[in-house]
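This report refers to the structure that appears directly beneath it.
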Amino acid sequence: MNLHPVRAIYMAEMARTRRTLLQSIVSPVISTSLYFVVFGAAIGSRISEVNGVSYGAFIVPGLIMLMLLTQSVSNASFGIFFPKFSGSIYELLSAPISHLEIVIGYVGAAASKSILLGLIILATSGFFVPLEIAHPFWMLTFLVLTAVTFSLLGFIIGIWADGFDRLQLVPLLVITPLTFLGGSFYSIDMLPPFWQTVTLANPVVYLVSGFRWSFYGISDVSLAASVGMIALFLVACLVAIGWIFRTGYRLKP
């Protein structure tokens, strides 16, 4: 694998982030801070603790995961869609660069931006609530795997989308609702038995639960189930991208 084209794509994408610093970094951090104010003050005054953890600290992993999922998808989808929109993707596809190098360049940049945001929000959370990370290795593992997996999903969406409106279709109508309903702000043990069963069909539950376990050692599902779900989704995204390049889906003029 030639690292020069990978580095060129990666640096170009990261340069775009620096040019749009307010939108790419500052805006998500402010939005997450507002969640702390609203949920921490309004709901936290009524729910003091969840499974022995203060409510303000309990929602930290869910807030980071909410941002991580949406930003990973948005960054990667726009990164590959813009060359499609401008027509420069055909120059990229005809250049002496492999499909793997293209994916690594775009997905690597999108995942890097999301991981950076996640760490910034984690640091920002410390100003609102006392934090503890019981399993730092697993915290970083979930952070990286989730960012990479959903950046791959964003890459797929960017290829699939035929207009700017479709870029936001999946993040707004699928990812965000699943994250809100996936235990980001509550434990599914607080739900009636029927809705607990229904909630377990939501794949985001496993990501949020595993990430929260890395902080406080508490979770709604087992660690093995969380790791298995993200590994399954990662493999599914890789298979889908392989099929896209093999068939030329939405890549041909």
Scanning region 204-219 for residues that are touching a helix residue (DSSP H, G or I) at 6+ places or on another chain (Cβ under 7 Å) and either open to solvent by less than 40 Å² (accessible area, probe 1.4 Å) or over 18 Å from Ile59 (Cα atoms) (or both) gives Val204, Val205, Tyr206, Leu207, Val208, Ser209, Gly210, Phe211, Arg212, Ser214, Phe215, Ile218
Check whether at least one residue in region 147-163 is more than 16 Å from the chain's Cα centre (by Cα), over 23 Å from Met67 (Cβ atoms) and open to solvent by less than 40 Å² (accessible area, probe 1.4 Å), and report yes or no.
-> yes
Which of (1) outside any helix (DSSP H, G or I); (2) surrounded by 14 or more Cβ atoms within 10 Å (Cβ to Cβ) is the odd one out, the single condition Tyr10 does not satisfy?
-> (1)
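Scan region 168-222 residue by residue and report those that are aliphatic (A, V, I, L, M) and free of Cβ contacts under 8 Å to residues at least 24 places away in the same chain. So that I can check it myself, show each step before the final result.
Residues of region 168-222 aliphatic (A, V, I, L, M): 169-170, 172-175, 178, 181, 188, 190-191, 198, 200-201, 204-205, 207-208, 218, 221.
Result: Leu169, Leu172, Leu173, Val174, Leu181, Leu191, Val198, Leu200, Ala201, Val205, Val221.
With the requirement that a residue be without any contact (Cβ under 8 Å) to a residue 12 or more places away in the chain and among the aliphatic types (A, V, I, L, M), what does region 120-135 give you? Let's see the steps before the verdict.
Pass one, region 120-135, residues without any contact (Cβ under 8 Å) to a residue 12 or more places away in the chain: 123, 126-127.
Ala123 - this is the single residue of region 120-135 that is without any contact (Cβ under 8 Å) to a residue 12 or more places away in the chain and among the aliphatic types (A, V, I, L, M).
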Scan region 95-105 and give yes if some residue there is at pLDDT 85 or above, surrounded by 16 or more Cβ atoms within 10 Å (Cβ to Cβ), out of contact with any helix residue (DSSP H, G or I) (no Cβ under 7 Å at 6 or more places or on another chain) and of a type in the set (A, V, I, L, M, F, W, C), otherwise no.
-> no
Cross-chain or 6+ apart pairs with Cβ under 8 Å, region 228-253 first and closer than 24 Å to Gly210 by Cα, then of a type in the set (S, T, N, Q) and open to solvent by less than 50 Å² (accessible area, probe 1.4 Å) = Ile230/Thr146; Ile230/Thr149; Phe233/Thr149; Leu234/Thr149; Cys237/Thr149
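Looking only at region 161-188, how many residues end up being among the aliphatic types (A, V, I, L, M), under 15 Å from Asn75 (Cα atoms) and assigned to a helix (DSSP H, G or I)? Explain how you work it out, then say what you get.
Initially, region 161-188 is screened for residues among the aliphatic types (A, V, I, L, M), giving 161, 167, 169-170, 172-175, 178, 181, 188.
Pick out the ones that are also under 15 Å from Asn75 (Cα atoms) and you get 161, 167, 169-170, 172, 175.
Imposing the further condition that a residue be assigned to a helix (DSSP H, G or I) reduces the set to 167, 169-170, 172, 175.
Residues in region 161-188 being among the aliphatic types (A, V, I, L, M), under 15 Å from Asn75 (Cα atoms) and assigned to a helix (DSSP H, G or I): 5 in total.
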Take region 169-191 and flag every residue that is buried (at least 16 other Cβ atoms within 10 Å of the Cβ) and over 14 Å from the mean Cα position of the chain (by Cα).
-> Leu181, Gly183, Phe185, Tyr186, Ser187, Ile188
Which of the residues belonging to region 106-131 are in contact with a helix residue (DSSP H, G or I) (Cβ under 7 Å, 6 or more places away or on another chain) and more than 20 Å from Leu238 (Cβ to Cβ)?
-> Lys113, Leu117, Gly118, Ile120, Ile121, Leu122, Thr124, Ser125, Phe128, Val129, Pro130, Leu131
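Consider Val73 carefully, then state whether it is touching a strand residue (DSSP E or B) at 6+ places or on another chain (Cβ under 8 Å), open to solvent by less than 60 Å² (accessible area, probe 1.4 Å) and not charged (D, E, K, R). Outline the logic, then answer.
On the way: touching a strand residue (DSSP E or B) at 6+ places or on another chain (Cβ under 8 Å): no; open to solvent by less than 60 Å² (accessible area, probe 1.4 Å): yes; not charged (D, E, K, R): yes.
Judged against the criteria, Val73 is not a match.
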Scanning region 192-229 residue by residue, those in contact with a Lys or Arg (Cβ under 8 Å, 6 or more places away or on another chain) and of a type in the set (A, V, I, L, M, F, W, C) turn out to be Ile218
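The values are calculated or read from the model by the stated rules, or taken from the named source; none is laboratory data. Being a predicted model, the structure only gives us computed values, none of them experimental. Backbone-built Cβ (ideal geometry, glycine too); neighbour counts: all protein chains shown. Heavy atoms of the whole protein, side chains included, go into the accessibility calculation; ligands, DNA and RNA do not. Shrake-Rupley method; radii C 1.70, N 1.55, O 1.52, S 1.80 Å.
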